[in-house]
Amino acid sequence: MFVVWEPVLPTDWFAPSTAGLARVHDRRVQQYWDKSRLLSKAMGEKDKSSIVWDFVAVYAPGSLWNDMPPKPFYEDGPVVRVVSALTQAVERVSAQPAQRR
């Protein structure tokens, strides 16, 4: 799992602190700081009103990102409101065989 932090709010203009990173405590998670919001732009950000943030996406095993991100198996947000549905989606997609593309 990847967690991507990006500057959105006035308090977000620096990479997350150790305390911020500790909010996600699963050792399988890799966390990244995307200062330029490149991921948000790849996912459709055109201006400040279309920034992609506080969002989760689950991709099927073997999904490849080419010019554009693939269609997610599950997507929703804000994160705090979809934890249960996200957990269920991860369990369902984890049971699927990897896609060959």
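The values are calculated or read from the model by the stated rules, or taken from the named source; none is laboratory data. Since the structure is predicted, the reported quantities are computational estimates derived from the model, not experimental observations. Please note: Cβ atoms are built from the backbone with ideal geometry, for glycine as well, and neighbour counts cover all protein chains shown. These area figures cover heavy atoms from the full protein model, side chains too; ligands, DNA and RNA do not enter into them. Shrake-Rupley method; radii C 1.70, N 1.55, O 1.52, S 1.80 Å.
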task = Sum up the charges of everything whose Cβ sits under 13 Å from the Cβ of residue 82, counting Lys and Arg as +1 and Asp and Glu as -1, but leave residue 82 out.
result = -2
query = Between residue 13 and residue 85, 0.36 nm times their residue separation minus their Cα-Cα distance comes to what?
reply = 22.9 nm
message = On C-alpha positions alone, give me the angle between the axis of helix 83-94 and the longest principal axis of the chain, in degrees, nearest 10.
response = 40
query = Can you tell me the accessible area per residue over the chain, all protein chains present, probe 1.4 angstrom, in square angstrom?
reply = 77
ask   = What are the residues whose amide H is under 5 Å from the amide H of residue 33, where those residues sit 5 or more places off or on another chain and H is modelled from the backbone?
value = 5
remark   = Computed over region 38-101, the distribution of all Cα-Cα distances in 5 Å bins, rounded to whole %, is 4, 16, 23, 22, 19, 11, 3, 1
key: Shape metrics for region 1-91, restricted to C-alpha atoms - Rg then Dmax, Å   = 13.5, 36
request  = Report in % the part of the accessible area of region 1-92 that belongs to carbon and sulfur, leaving out ligands and nucleic acids; probe 1.4 Å.
outcome  = 58
ask   = Using only helices, what value at 222 nm comes out for the chain when you add -39,500 (n - 2.57) per DSSP H run of length 4 or more and divide by the total residues, to the nearest 500 deg cm²/dmol?
value = -5000 deg cm²/dmol
query = By average Cβ neighbour count within 10 Å, what is the ranking of 74-81, 50-57 from highest down?
reply = 50-57, 74-81
